[in-house]
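To keep things clear, I will list the structure first and then write my remarks on it.
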Amino acid sequence: MPLIKASYRYSEDSQLWTDMKFGDRLAFDQIFNDHIEHLQAYGKSFSNDDDLIDDCLQEVFCRIWQKREKLKDTNNIRYYLMAAFRNELLKVLKKKYKRYSLIGRFMPESSIDFNATLETSFIEEDSRQEQIRALNKCFEKLSSRQKEIIYLKYYNGLSLEEIAQILALDKKSVYNALSKAMMILRKNMSA
Amino acid sequence: MKNKNNIYQKYQVEDFLVDESFIDWVNGRDSKVDWEEVIFSFPHLRPRSEEAKRILQKLNFDQEIDPDRISKLQQRINKQLEQSEHSKKEAHVVALHDRKTYYQYKAQRNTYWGWIASAAVLIVGIVGTWFWEYSEETAPVIKEVPYVTKTTKKGQKLTTRLSDGTIVTLNSVSQIHFEEIFNDTVRYVSLEGEAFFDVAKDVRPFRVKSNGTVTTALGTSFNIKQQKEKVSISLVTGKVGVNMVSKTGMKESTLLVPGEQVAVDVKDKISFVKGKFDVSDVLAWKRGVLSFNKSSNAEVWKELEKWYGVDLIIQNSNIKKQNWDYTGSFDNESLENVLESIGFVKGFKFEIKGDQVKIY
């Protein structure tokens, strides 16, 4: 069982992206197919509304194709897409919360939470199931930000630099949040 | 190496957990540090690194996959992109009436309501701006890069220098498209028609994309000629690789050595032939030499139209029916001389009026 199910070869990204920028529709389709499952899962961590997630993805991919000639070069398409998609999704979610609740109206950020659960399905032994359940319980207690950083770092393999960009933080605070979160998780696991 | 690795001697489990190169190593990606070696030279680290590894391997997330949902989304995207291609063409028709004159006209009719409306607009504007600023996002990731397109018409040729010092000579009815300043990783040019590239030496690969082919070079000179699906690439000096991708995703590639030429036909399938070529023949156009090599009559007419920027009208039906295999070259000759000499062999007369040429 590979740790990163969705791992792929970064080295080809630069070429693929350039082809797409020059109007290669096959390259565009490949980019879509390579990353869409991952992006949908990332979206699900913020909202259970699959339609809303897909609307945002439609917007992001259409904009990429329409503005392809003007896009910056990248050698990490996953990062680029996650950043663009997160931007779009959070914008739409904030708008939605503003409309439906008073608290949301003045503090739209507070209603947006990152929630993902650790995978449990592939573990058969009872004792390890127990461990993972405990770990999940502990993971749930982490802050939304800590959870998202763990998700981006260990599951998606983004660099701290890239995570800092996505979350609009500086690299140092990403590092601090990560090390604090890991300290909590570890304490829990050895106990 | 050992000195450099000394910093890891006091590593605790927590330190391993947040070390980017250690995470890369556990996940099987390229790592900046040789962790095998570090742990080998400091065996006391092994239990700690093993524990960190175990924790990292548990941080896997649930991911549902719904192929139906994905294919629906893809259809929606394709549909929206198609529609926007259409609306682009129609968009120019809409905004004909001038907004300003419209409001002047309204204001004349009813000044009083005009004032109220203006005030209302102002208030809405101020409030709106506040909300808009409030909801404004952090800068989007999309940045613009300036591109340059150079085009030649019939009868024109153009020599241009790219930002890296590469010199491109563009034959008539051709187009190249490239970044004004090339980026750090690759020099990328797309081509329609025919051009000669004298590529400046550089660490960044130089790529030319032309109808399903990508030619990659480091510091060489080569000629590319594209006509519809057919592309021929002729290498003069250095070394180039040619990658071909068909519309159905089939891939082929080949390497050229100086004096070699590859003729590629890319539609749904890829077919290509490699062979030697005559440098003076292929590059004749660059020196102002119009040359034909076993050309059909249709090819001759088309070449003449492109070269001299004229329209040919063939009124002689005998000439139309003939099957030519014409070979000949003209060194900086006028259209009149060229037509005279071809006409003498093939048996036709001509009349030049401005850019219209009658063949009879």
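The values are calculated or read from the model by the stated rules, or taken from the named source; none is laboratory data. Everything numeric here is computed off the predicted structure, so don't read it as measured data. Glycine also receives a Cβ, built like all others from the backbone with ideal geometry; neighbour counts cover every protein chain displayed.
For segment A:158-178, taking the residues that are hydroxyl-bearing (Ser, Thr, Tyr) and assigned to a helix (DSSP H, G or I), the one that is farthest from the other protein chains (Cβ to nearest Cβ) is identified as A:173. Restricted to segment A:51-80, and to residues there that are within 15 Å of the chain's Cα centre (by Cα) and within 7 Å of chain B (Cβ to nearest Cβ), the residue that is surrounded by the fewest Cβ atoms within 10 Å (Cβ to Cβ) is A:54. Any residue at all in segment B:52-66 that is within 11 Å of another protein chain (Cβ to nearest Cβ), outside any helix (DSSP H, G or I), more than 22 Å from residue A:158 (Cα to Cα) and of a type in the set (D, E, K, R)? Within segment B:52-66 (the criterion being within 11 Å of another protein chain (Cβ to nearest Cβ), outside any helix (DSSP H, G or I), more than 22 Å from residue A:158 (Cα to Cα) and of a type in the set (D, E, K, R)), the answer is yes, since at least one residue qualifies.
For segment B:292-306, give me each residue that is at pLDDT below 85 and either crowded, with 18+ Cβ neighbours inside 10 Å or not assigned by TED's automatic domain parsing to the domain that holds residue B:349 (or both).
Correct list: B:306 only.
Taking first residues from segment A:36-48 that are touching a residue at least 12 places away in the same chain (Cβ under 8 Å) and of a type in the set (S, T, N, Q) and partners that are surrounded by fewer than 19 Cβ atoms within 10 Å (Cβ to Cβ) and in a helix (DSSP H, G or I), the Cβ contacts under 8 Å between residues at least 6 apart in sequence or on separate chains come to A:40/A:50; A:40/B:69; A:40/B:70. Looking at the structure I just gave you, is residue B:253 within 20 Å of residue B:158 (Cα to Cα), in contact with a strand residue (DSSP E or B) (Cβ under 7 Å, 6 or more places away or on another chain) and among the hydroxyl-bearing types (Ser, Thr, Tyr)? Judged against the criteria, residue B:253 is not a match. Taken together, the residues in segment A:131-142 that are among the acidic types (Asp, Glu) and either within 12 Å of chain B (Cβ to nearest Cβ) or over 17 Å from residue A:183 (Cβ atoms) (or both) amount to 0.
Looking at segment B:157-178, which of its residues are of a type outside the set (A, V, I, L, M, F, W, C) and surrounded by fewer than 21 Cβ atoms within 10 Å (Cβ to Cβ)? Across segment B:157-178, the qualifying residues are B:157, B:159, B:160, B:161, B:163, B:164, B:165, B:169, B:171, B:172, B:175, B:177. For segment B:28-51, the candidate set comprises residues that are in a loop (DSSP other than H, G, I, E, B) and more than 12 Å from every other protein chain (Cβ to nearest Cβ); within that set, the residue that is nearest to residue B:10 (Cα to Cα) is B:42. Report whether or not residue A:30 is at pLDDT below 90, within 26 Å of residue B:186 (Cβ to Cβ), at the interface with another protein chain (Cβ under 8 Å from one of its Cβ atoms) and surrounded by fewer than 20 Cβ atoms within 10 Å (Cβ to Cβ). Here the answer is no, as residue A:30 does not meet what is asked.
When segment A:143-157 is filtered for residues that are surrounded by 19 or more Cβ atoms within 10 Å (Cβ to Cβ), more than 9 Å from chain B (Cβ to nearest Cβ) and more than 10 Å from the chain's Cα centre (by Cα), the ones remaining, listed by number, are A:146, A:147.
Any residue that is hydrophobic (A, V, I, L, M, F, W, C), within 9 Å of chain B (Cβ to nearest Cβ) and in contact with a Lys or Arg (Cβ under 7 Å, 6 or more places away or on another chain) - is there at least one of those in segment A:179-191? No, segment A:179-191 has no match at all.
Considering only segment B:155-194, give the strands (runs of 3 or more DSSP E) lying wholly within it that have at least 1 residues that are within 14 Å of another protein chain (Cβ to nearest Cβ) and without any contact (Cβ under 8 Å) to a residue 24 or more places away in the chain. Talk me through it step by step, then tell me what you get.
Numbers: elements: B:158-161, B:167-170, B:175-179, B:187-192.
Because the criterion is at least 1 residues that are within 14 Å of another protein chain (Cβ to nearest Cβ) and without any contact (Cβ under 8 Å) to a residue 24 or more places away in the chain, the strands (runs of 3 or more DSSP E) in segment B:155-194 that meet it are B:187-192.
Every listed requirement among (1) within 14 Å of chain A (Cβ to nearest Cβ); (2) surrounded by fewer than 21 Cβ atoms within 10 Å (Cβ to Cβ); (3) among the β-branched types (Val, Ile, Thr) is met by residue B:215 save one, (2).
Being among the charged types (D, E, K, R) and either at the interface with another protein chain (Cβ under 10 Å from one of its Cβ atoms) or part of a loop (DSSP other than H, G, I, E, B) (or both) is the filter here, so list the residues in segment B:67-77 that pass it. I'd like the intermediate steps shown before the answer.
To start, the set of residues in segment B:67-77 that are among the charged types (D, E, K, R) comprises B:68-69, B:72, B:76.
Residues satisfying the conditions are B:69, B:72, B:76.
Given the conditions (1) under 30 Å from residue B:354 (Cβ atoms); (2) modelled with pLDDT under 85; (3) within 11 Å of another protein chain (Cβ to nearest Cβ), which single one is not true for residue B:141? Only one criterion in (1) under 30 Å from residue B:354 (Cβ atoms); (2) modelled with pLDDT under 85; (3) within 11 Å of another protein chain (Cβ to nearest Cβ) is unmet by residue B:141, namely (1).
Here residue B:322 does not fit the description of being at pLDDT 85 or above and of a type in the set (S, T, N, Q).
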